[in-house]
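Enquirer: Just passing along the structure, written as structure tokens.
The values are calculated or read from the model by the stated rules, or taken from the named source; none is laboratory data. None of the values given here were measured: they were computed from a predicted structure. Cβ sites come from the backbone with ideal geometry, for glycine too, and all protein chains shown count toward neighbours. Quick note on the areas: whole protein, heavy atoms, side chains included, nothing else; ligands and nucleic acids left out. Shrake-Rupley method; radii C 1.70, N 1.55, O 1.52, S 1.80 Å.
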Amino acid sequence: MAQALTNPKDDFSGWYNEIVYRADLAGQSPVRGCIIVKPYGYEIWEGLKAALDKRFKATGHQNAYFPLFIPEDYLKREAQHVEGFSPELAVVTIGGGKELEERLIVRPTSETIIGEAFSEWIQSYRDLPLLINQWANVVRWEMRTRPFLRTMEFLWQEGHTAHATEADAEAETLQMLDVYADVVINEAAIPVIKGLKSDSERFAGALRTYTIEAMMGDKRALQSGTSHNLGQNFAKAFNIQYLDEGNQRQFCWTTSWGMSWRVIGGIIMTHGDEKGLRLPPRLAPIQVVIVPIYKTPEEQSAVMAAADRLKQALVGADIRVKLDAREETPGFKFNDWEMRGVPLRLEIGPRDVQNNTVVAARRDIPGREGKSFLSQDNIAAQVAALLTHLQANMLAQAAAFRDANIHDVRSYDELKQVIEAGGFARGWWKEDSEAEARIKAETQASHRCYPLEQPGGEGVNFLTGERADRVALFAKAY
RNA sequence: CGGGGUGUGGCGCAGCUGGCAGCGCGCUUCGUUUGGGACGAAGAGGUCGCCGGUUCAAAUCCGGCCACCCCGACCA
């Protein structure tokens, strides 16, 4: 018997790394801080990408591509921006064997170079809004690597838009936050809380940063997407101006928003269990695996013929299916596909061929509970229905777990207890960067956001005793 | 960048009181197996991280270098 997976309850990060490796999502790279994403992992990214891109297009955005290299002085034009990113920049100083006169930054994000382009593209209010997205890799020099969660180079998309008014920019920022929430909730089956970042957690150079926060299986928070209202900070730094209807020069209001392959890490840590990965059907590269079971050659040909018919029926219904014809025992295959997170397994053996049945085993419900007999007739409709239920159930499971681990706190002691036990602490909070820093230093918990959904009314700041008109979430985070 | 650790077949490791480089998993072939991680037999695969030194002889002892991992400070 092969080595069992580390139990997430014993060693969550060890478990995480093992899944990444054993489910064949990614491999180690010869370069420190980078990973090699293998086909199975990349297909999950492609699914996320497709889900996002469809929604970007539906909301009027177009894709474009900007350079990997950014002149160093661009970064410096927005004071907070450069301050925020300086420590993690990769800088090219030599090119073509010669020291460069103008050093180049490997983009950590593209506000600056896109801002420069926008300043040329935008002349008139008729050019607005300008709605651009780019799919790209970015580099942020990291001391520590965790596959998909923190790597030196990572894949993401970054949207960049320019608007005539602050209200338009704010509407765009919130619209894209909704798009992110929609994708993560309905495609990745991860419940999220939409919220506003505190001053100290805000993006370098932004007026306001919005976030979607998810709770992982170890009760830590994962920021899964961010959307920034950049105000006129970058418009002023890069001279992004337009002539309004009254022939007056005006600065644009810009936004940016990004989501990375970090969401793959979120899927692993939200849904994975002691048997391995669990993928939501909508993003699973393989939604259904068919495992044939036989002893004799006669049985094999009968079973394989039936399995092939099942496969064709599913393919015809646009279900992503794999028939596992490898020379391994069924038991091995069961474990193997469970490790890889395939949502639904169909087992078909001689008895099923005889009875016109097939055994369906759901990845979201362990053991016999998750198994049922299906008729081979009309298999595609039955499987499609099961996958729909599975998707909904995974979201429900994750939401139940999260809701059970969010606790209201009225005092600092209560917050400490919640953080100690694991979970999100929710309490009345008046914006206070110093107090946040103190909490972080003492408990490792950071201000995650002011949820957009607020209880209303007023309360007393659990730390300082001041009056506060909104609640905030605190948690340990990735 | 501070503290700790490890470098030996694809992966995980043993060997380290010098003496022909081993084990488990994986891989190849054949046979028996197959409804929850099968078994047997026969094979393939390694300049022991790099450079230098000691010695008749170095994976092993000594010196230097490099790389990676873990724990802390920073982060989509």
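Every residue, every condition in (1) in contact with an Asp or Glu (Cβ under 6 Å, 6 or more places away or on another chain); (2) surrounded by 12 or more Cβ atoms within 10 Å (Cβ to Cβ); (3) modelled with pLDDT under 95, yes or no:
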{"residue": "A:GLY27", "(1), (2), (3)": "no, yes, yes"}
{"residue": "A:TRP45", "(1), (2), (3)": "no, yes, no"}
{"residue": "A:HIS61", "(1), (2), (3)": "no, yes, no"}
{"residue": "A:GLU72", "(1), (2), (3)": "no, yes, yes"}
{"residue": "A:LEU75", "(1), (2), (3)": "no, yes, yes"}
{"residue": "A:PHE85", "(1), (2), (3)": "no, yes, yes"}
{"residue": "A:GLU101", "(1), (2), (3)": "no, no, yes"}
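Enquirer: Could I ask something else about it? Under the condition of being part of a loop (DSSP other than H, G, I, E, B) and farther than 24 Å from A:ALA51 by Cβ, which residue from the stretch A:142-167 is modelled with the lowest pLDDT?
Expert: A:MET143
Enquirer: Right, here's the next one. Regarding the stretch A:217-226, can at least one residue be identified that is more than 11 Å from RNA strand B (Cβ to nearest atom), surrounded by 21 or more Cβ atoms within 10 Å (Cβ to Cβ) and not in a loop (DSSP other than H, G, I, E, B)?
Expert: Within the stretch A:217-226, not a single residue is more than 11 Å from RNA strand B (Cβ to nearest atom), surrounded by 21 or more Cβ atoms within 10 Å (Cβ to Cβ) and not in a loop (DSSP other than H, G, I, E, B).
Enquirer: Identify, by number, the condition in (1) modelled with pLDDT of 95 or more; (2) within 11 Å of RNA strand B (Cβ to nearest atom); (3) touching an Asp or Glu at 6+ places or on another chain (Cβ under 9 Å) that A:SER124 doesn't meet.
Expert: Looking at each condition in turn, A:SER124 falls short on (2).
Enquirer: Quick check on my filter: what residues within the stretch A:420-461 are open to solvent by less than 10 Å² (accessible area, probe 1.4 Å), more than 16 Å from RNA strand B (Cβ to nearest atom) and assigned to a loop (DSSP other than H, G, I, E, B)?
Expert: Once the filter is applied, which keeps residues that are open to solvent by less than 10 Å² (accessible area, probe 1.4 Å), more than 16 Å from RNA strand B (Cβ to nearest atom) and assigned to a loop (DSSP other than H, G, I, E, B), the stretch A:420-461 yields A:GLY423, A:TRP429, A:ASN461.
Enquirer: I need the full set of residues from the stretch A:137-148 which are open to solvent by 10 Å² or more (accessible area, probe 1.4 Å) and either in contact with a Ser or Thr (Cβ under 9 Å, 6 or more places away or on another chain) or within 8 Å of RNA strand B (Cβ to nearest atom) (or both), in order please.
Expert: If the condition is that a residue be open to solvent by 10 Å² or more (accessible area, probe 1.4 Å) and either in contact with a Ser or Thr (Cβ under 9 Å, 6 or more places away or on another chain) or within 8 Å of RNA strand B (Cβ to nearest atom) (or both), then A:ARG140, A:GLU142, A:MET143, A:ARG144, A:THR145, A:ARG146 are the ones that fit.
Enquirer: Starting from the stretch A:414-429, keep only residues that are closer than 15 Å to A:ALA477 by Cβ and at pLDDT 95 or above, then list their pairs with residues that are among the aromatic types (Phe, Trp, Tyr) and in a strand (DSSP E or B) whose Cβ atoms are within a distance under 6 Å, requiring at least 6 positions of separation or different chains.
Expert: Pairs that qualify, where the first residue is closer than 15 Å to A:ALA477 by Cβ and at pLDDT 95 or above and the partner is among the aromatic types (Phe, Trp, Tyr) and in a strand (DSSP E or B), are A:ALA425/A:PHE474.
Enquirer: Going through A:ARG363, A:ARG340 one at a time, which residue ends up being open to solvent by less than 40 Å² (accessible area, probe 1.4 Å) and within 14 Å of A:ARG278 (Cα to Cα)?
Expert: The unique qualifying residue is A:ARG363.
Enquirer: Please find, among A:GLU116, A:GLU111, the residue that is closer than 20 Å to A:ALA206 by Cα, touching a helix residue (DSSP H, G or I) at 6+ places or on another chain (Cβ under 6 Å) and away from RNA strand B (no atom under 16 Å from the Cβ).
Expert: Step by step, each of A:GLU116, A:GLU111 is checked, and only A:GLU116 is closer than 20 Å to A:ALA206 by Cα, touching a helix residue (DSSP H, G or I) at 6+ places or on another chain (Cβ under 6 Å) and away from RNA strand B (no atom under 16 Å from the Cβ).
Enquirer: Another one. Filter the stretch A:352-397 down to the residues that are out of contact with any helix residue (DSSP H, G or I) (no Cβ under 6 Å at 6 or more places or on another chain), within 15 Å of RNA strand B (Cβ to nearest atom) and in contact (Cβ under 8 Å) with a residue 60 or more places away in the chain, then identify the one that is nearest to A:ASN186 (Cα to Cα).
Expert: A:LEU390
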